[in-house]
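This report refers to the structure that appears directly beneath it.
Taken together, the values in this text are just the output of simple stated rules run on the coordinates, not laboratory data. Because the structure is predicted, anything quoted here is derived from the model rather than measured. Every residue, glycine as well, gets a Cβ built from its backbone with ideal geometry; the counts of neighbours run over all protein chains shown.
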Amino acid sequence: MSSNSARALAWLITGEARQHPGRIAIALIAIAIGVALGFAVHLINGSALAAFGQAVNTVNGAADLKIEAASRLGFDEALYAKVLQVEGVADASPVVVLRAGVARGEPFTLLGLDIIRAAEVTPSLIGAPASGPGGGKQGGGGDDVFASDALFLSQAALIAGKLRIGDRVMINANGQVHPMTVRGLLPAIAEGRRVGMMDIAAAQWLFGRLGKIDRIDLKLTSDVQAGDVRARLRPLIPADAIVSDQNDDAQQSDGLSRAYRVNLTMLALVALFTGTFLVYSTQSLSVTRRLQSFALLRTIGMQRSGIVALVTIEGALAGLIGATLGLLIGFGLAAGALDILGGDLGSGIFDGAPPALILAPLAAAGFFALGVAAAVGGSLIPALRGARAAPAVALKNAGDSIDPRDHLAGGLPLTLLVAGIGAALLPAVGRLPLFGYLSVALLLAAGITAMPWLARALLAPLARTSHRNVPTDLAIQHLHGAPSAAATALCGIVASTALMIAMAVMVTSFRGAVDQWLGDILSGDLYVRSEPGWGGFDQGSQTRMAAIPGIASIAFSRQVPIVLDPSEPPMSLIARPVGTDGAALELLGEEVMPPPGTTAVWLSEPAARILAVEPGDAIRLPIGTGARFAVAGIWRDYSRQQGAAVIDSSDYDRLTGDSVRDDAMVLLEPGADIKVVQRAIRAAAPPPLKSRLTMAEPASLRTLALSIFDRSFAITYVLEAIAVIVGLAGVATTASAQASARTREFGMLRHIGVGRGQIVAMLGIEGALLGAVGGLIGVTLGVAISQVLIHVINPQSFNWTMTTRLPVTLMLSVITALIVSSAITAMLAGRRAASMDAVRAVRADW
């Protein structure tokens, strides 16, 4: 391109920007929003995973391999001696892991270590005795770590417990309470992680874990592969233990939030995809308005490629500026969201302090490129259409590119529709609904490309009827006779409306399903829960609580995390009274009685989908030596995404010997005073638990659960609000652009006797009709896309199903808002265009 051509292009581009800054700003903002949301979600997820992974690594140390208990019940310590004999194992360090608490602080993870062994395998876990007052004998020394009452805390645990070095503190773990002295810190533990360390023998003796350990950290010889050692260990590992390494830890932490963060990222990219359609709409209107100018440029020598370059560069510049703004906004959003919602965006997946924001230059470059590509993609089709227009025809302003008498071809929309349906039927890829999101994109594209046909079909009945009103007839005939222009105007409206309605239907359906499920399962009068880290209800306290006057019945339960695969997040094992028929559970489908010699287990819907089993299938659970389990039924559960398995309390006691319970559901006798019963329950609880019990009635639990749901979907509500704002802004710019492009039409109407007020009324009716058509199509398309979200993406991401619930009030409100806003903005934009002198308006119409 010559320097003169470059200057000419620059002059044309800057002139368009000066004349119509609002339209360019809308396209720019649409791109910025999509980039900002995607980049923010990526930064938040990356920061949260990095912090979580660092925390896991610091608690686990730097072991080459580790043998872990599959549940918090631990495994026999006799395995330790056997592991030391395995070829390739240089050293091994046994570990007891307890959930502990102090009277004034938050629970923390208490590690019991063999100090000598840990010094060789995981030295970063060993406490550093403090020097000076309170730090130990003669100012501190190495012997402090072996003292039976010596406790070493991370900085976060020290602060949470409001403790200082040298303090004497009562530690509660596994239902036992003993005094200990804070002798020092754990300097290598990640910031924000509450961890404590003590001698393993003291931990076993004081806290009732004799003969049991929870982990064995392994250091391998330099001449072996970890995979070979794992194979040698496999025959030694009991059913209640697993072998894992740091890669498994990384995969497990990744799996905790993978579906959640991928879905948020995909929703953000769908917003960017919608921005592409808004750019397309804006550029199409701009090209239509400038067709005569392009024709004149072609006549004086500009090539078609120059027209394509002009429009494409305009889009690229909008993309460059929008993507840059998007990265800056995304960084700010990520920083704010980490402080307010945490690294899990309110989903409750990660605990601990908010992670530090970590920059991701490669991700920034990727989202920047996506933003520019979206803008260029939205500009390319209008650019080609403007270049293909014949100069002679364009100079005479032949009108809409589609003859209203022609039959509109539906091949492309139909192809996209079929492809979208086909993609929705494909399975997940690595448990991620990638084809589901491809289906959403294809369905959205099908709806947009079908706009000319859909607009004509919806307006045809009105076009065949005379309304004896000049503005009404003119408005209807214009829209019906110019389907291409109508489709261009509707493109951005339909895209943003469809996205908003799809998310609204999905969230409404999910929330309604959770609300109904809560009503089904919360059948008790009072629910009691013991705080983690403070033991539970032993057999004696259970008996005392059952005998409290006013209690008709009380059902105790225990929930234990179990690991079936070291690379997957743990599943929940729930012990509760079930009986032999599972009548106490909300079952989905039929129940199958287990064969003789097996223990019945009822799986939650997510667990059944993750394990790919059905009622009657045999499964393995890491409890009970040699125990065999069979799936008796599937029950609905929306509280545990990673799945849960229920076994009867009697089976749990028999297999584990653990009679402690964490929770209780209470049914009261008629007329019983619930406040009196609550006080009696607290009095009957074990001493450490008396101030650590949470008691709630069903109504408050339901309210709490729904508030957690709303917090988890807060980012989705933000996406919906942004879609509404962008859609309404698109309406305004569309109306303004079309009114400006039709000044000569208005002048001609003025010449034949149509008044200014009638022209403004005509534009208002056109705007209302466009809003109605766009609203109807957008809502319909949104409902169709929501079915992919509900029946494909949700089951493949989170492993639960639900029925569709339509937010009818919201849908009607959206259509009404589009009709009113489109009418008002069209009239406001038309007043200026219609006020131009009739002779001046048609002076260029030769």
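With charges only on Cβ, +1 for K and R and -1 for D and E, what is the dipole size of the range 581-703 about its Cα centre, in debye, rounded to 20? Working shown, then result.
Values: 13 positive and 17 negative charges, 134 e Å.
Approximately 640 debye in magnitude.
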- Item | Distance (nanometres) between label positions extended 7 Å along Cα→Cβ at Arg464 and Glu614 | 5.0
- Query: So how far apart, in nm, are the two label points at Arg654 and Ser707 if each is 7 Å from Cα heading toward Cβ?
  - Reply: 4.3
- Message: Order 442-453, 799-810 from most to least packed using the mean count of other Cβ atoms within 10 Å.
- Response: 442-453, 799-810
- For a paramagnetic label modelled at 7 Å from the Cα of Leu412 toward its Cβ, which residues of the range 777-804 fall within the zone defined by backbone nitrogen distances under 17 Å? none
- Item | Total lysine pairs whose alpha carbons fall under 26 Å of each other in the range 65-244 (8 or more apart, or interchain) | 6
- Query: Farthest toward the dipole's positive end in the range 65-244, which of Phe207, Val102, Val182, given Cβ charges of +1 (Lys, Arg) and -1 (Asp, Glu) about the Cα centre?
  - Reply: Val102
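Please report the relative contact order for the range 65-244, taking Cα pairs under 8 Å with a sequence separation of at least 6, and give it as a percent rounded to a whole number. Spell out each step's value before the answer.
On the way: 419 pairs, mean separation 67.4, N = 180.
Reported as a whole number, the value is 37 percent.
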- Rough spin-label spacing in nm, given labels placed 7 Å along Cα→Cβ, for Phe146 and Ala373: 6.3
- the range 65-244, dipole about Cα centre (Lys/Arg Cβ +1, Asp/Glu Cβ -1), debye to the nearest 20: 520
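If R0 is 25 Å, what FRET efficiency do you get for Leu425 and Asn247 from their C-beta distance, rounded to 0.05? It would help to have the intermediate numbers written out before the result.
Working: r = 33 Å, r/R0 = 1.34.
It comes out at approximately 0.15.
Listed highest first by mean packing, meaning other Cβ atoms within 10 Å per residue, what order do 471-478, 490-497 come in?
Values: 471-478: 20.1, 490-497: 30.8.
Ranking the peptides 471-478, 490-497 by packing returns 490-497, 471-478.
At 0.36 nm per residue, and after removing the present C-alpha to C-alpha distance, how many nm does the segment from Glu191 to Asp538 gain when stretched out fully?
On the way: separation 347, 0.36 × 347 = 124.92 nm, distance 3.51 nm.
Length gained, Glu191 through Asp538: 121.4 nm.
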- Output the peptides 650-656, 788-794, 80-86 sorted from most to least packed, where packing is the average of other Cβ atoms within 10 Å over each peptide's residues. 788-794, 650-656, 80-86
- Burial ordering of Glu531, Glu697, fewest other beta-carbon atoms within 10 Å first: Glu697, Glu531
- Item | Contour minus Cα-Cα distance for Ser567 and Ala546 (0.36 nm per residue) | 3.5 nm
- The ratio Rg/Rh over the Cα atoms of the range 65-244, Rh being the Kirkwood inverse mean 1/r radius, stands at 0.99
- All other residues with a Cβ under 10 Å from the Cβ of Thr625 taken together, and with Lys, Arg as +1 and Asp, Glu as -1, what is their net charge? -2
- Zone residues, the range 86-102, relative to Asp228, backbone N less than 19 Å from point 7 Å out along Cα-to-Cβ: 86-92
- Segment Thr598-Ile358, length gained on full extension (0.36 nm per residue, minus Cα span): 81.4 nm
- Non-local residues with an amide H under 5 Å from the amide H of Lys212, with H modelled 1.01 Å from N and Pro and chain starts lacking one, are Glu77
